[in-house]
1. Do any residues in segment 9-25 that are within 18 Å of Val75 (Cα to Cα) have Cβ atoms under 6 Å from those of residues that are surrounded by fewer than 23 Cβ atoms within 10 Å (Cβ to Cβ), where the two are at least six apart or on different chains, and which pairs are they?
2. Provide a single number: the residues in segment 262-288 that are free of Cβ contacts under 8 Å to residues at least 12 places away in the same chain and among the aliphatic types (A, V, I, L, M).
3. So Glu87 clears everything in (1) within 12 Å of the ligand (Cβ to nearest atom); (2) within 26 Å of Arg160 (Cα to Cα); (3) of a type in the set (Asp, Glu); (4) not in a helix (DSSP H, G or I) except one condition, right? Which one?
4. Any idea which of (1) part of a loop (DSSP other than H, G, I, E, B); (2) within 9 Å of the ligand (Cβ to nearest atom) is the one Gly114 doesn't satisfy?
5. Looking at segment 96-105, can you tell me whether even one residue there is assigned to a strand (DSSP E or B) and in contact (Cβ under 8 Å) with a residue 12 or more places away in the chain?
6. Quick check, is Arg276 farther than 17 Å from Gln216 by Cβ, in contact with a strand residue (DSSP E or B) (Cβ under 6 Å, 6 or more places away or on another chain), outside the structural domain of Ser123 (by TED's automatic domain parsing) and not hydrophobic (A, V, I, L, M, F, W, C)?
7. Do the conditions hold for Gly139, that is, is it at pLDDT 95 or above and outside the structural domain of Phe117 (by TED's automatic domain parsing)?
8. Do any helices (runs of 4 or more DSSP H) entirely within segment 186-288 hold 3 or more residues that are exposed (fewer than 15 other Cβ atoms within 10 Å of the Cβ), and if so, which?
Amino acid sequence: MAKVAFLGLGVMGGPMAGHLAKKGHDVTVYNRTGAKAEAWVSANGGAHAATPREAVKGATIVFACVGNDDDLRSVVLGDDGALAGMENGAVFVDHTTASAEVARELAAAAKDKGLGFIDAPVSGGQAGAENGVLTVMCGGEAETYAKVEDAIKSYARACRLMGPVGAGQLTKMVNQICIAGLVQGLSEGVHFAKRAGLDVEAVLDVISKGAAGSWQMENRGKTMNEGKFDFGFAVDWMRKDLGILLDEARRNGAKLPVSALVDQFYAEVQAMGGNRWDTSSLVARLER
Ligand SMILES: NC(=O)c1ccc[n+]([C@@H]2O[C@H](COP(=O)([O-])OP(=O)(O)OC[C@H]3O[C@@H](n4cnc5c(N)ncnc54)[C@H](OP(=O)(O)O)[C@@H]3O)[C@@H](O)[C@H]2O)c1
């Protein structure tokens, strides 16, 4: 088992780091808000450090799961950043959902210091992290990926190298594109069923077994009908992801009219006070 470091103990990072510890890895953690790192050590063992640079000392793999591109730069670069403390040959694995551009930028900075870099965004949400069944989409060199795959599998059901650095983030963008339009469609279905005076749960129960069935319908249909959104994947995070993929589409010429529209719908949900609501709250916009 390896000596590893984990930077960012949020909803996702905390349980992911916990699975590494349970597998027997020697884990040192860093979190911007130190109290969370102390609580993590009390629950999981290992050690915590005051800066990313200190946390990565002697680690063969350094994992991170923070918020956005700038948050990531702040834990990787600079005097107290991870790259300043990592030892030759070590690999940085980034689980943040970020841009492909920042992945390429940080991979180049890592390479200059003799370090590896894998972009490795995840899908599966809080429950996937807690139960260790995430899907992980990776970008980077095959040789580098081979050094980290086993450790990632501590909390993943599926982990796959998709191509060169940035390919993991690009795959995650496809994931979010597929979800955005689908959740709006599901919202319209639930909304229509209510207006039509149907038993919404019965409708979802029967149509989920046919061609309209989806993960979102199975896992969110009931709570959408009940108007419950205080859990799950926050609208603020989805807007970040849509911003990233719409920027990328401007560069590669992909046409994403529905994703762009749904992004605006989410802006309206934010204006309703729904920043931390689950993304299924698109239906609340139709029912206000
Ligand atoms: N939640 C989900 O269902 C889900 C699913 C798939 C992917 N993701 C992605 O996973 C990433 C993390 O999500 P999460 O739900 O775990 O978020 P979260 O609970 O808000 O945690 C964010 C973590 O990043 C740290 N952080 C943020 N900005 C920082 C900065 N400037 N410097 C240092 N640390 C910083 C936070 O530290 P503090 O504790 O000090 O705030 C916290 O540890 C995001 O990119 C998100 O899009 C989330």
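1. Every condition considered, the pairs that remain are Leu9/Lys36; Val11/Gln126.
2. Going through segment 262-288 one residue at a time, the tally reaches 1.
3. Only one criterion is unmet by Glu87, namely (1).
4. Unmet for Gly114, out of (1) part of a loop (DSSP other than H, G, I, E, B); (2) within 9 Å of the ligand (Cβ to nearest atom): (2).
5. no
6. Working: farther than 17 Å from Gln216 by Cβ: yes; in contact with a strand residue (DSSP E or B) (Cβ under 6 Å, 6 or more places away or on another chain): yes; outside the structural domain of Ser123 (by TED's automatic domain parsing): yes; not hydrophobic (A, V, I, L, M, F, W, C): yes.
For Arg276, the condition - farther than 17 Å from Gln216 by Cβ, in contact with a strand residue (DSSP E or B) (Cβ under 6 Å, 6 or more places away or on another chain), outside the structural domain of Ser123 (by TED's automatic domain parsing) and not hydrophobic (A, V, I, L, M, F, W, C) - is met.
7. Working: at pLDDT 95 or above: yes; outside the structural domain of Phe117 (by TED's automatic domain parsing): no.
Considered against the rule, which asks whether it is at pLDDT 95 or above and outside the structural domain of Phe117 (by TED's automatic domain parsing), Gly139 comes out as no.
8. 200-207, 215-226, 235-252, 257-271
The values are calculated or read from the model by the stated rules, or taken from the named source; none is laboratory data. The structure displayed is predicted, hence computed values, not measured ones. Glycine gets a Cβ as well: all are built from the backbone with ideal geometry, and neighbour counts include every protein chain shown.
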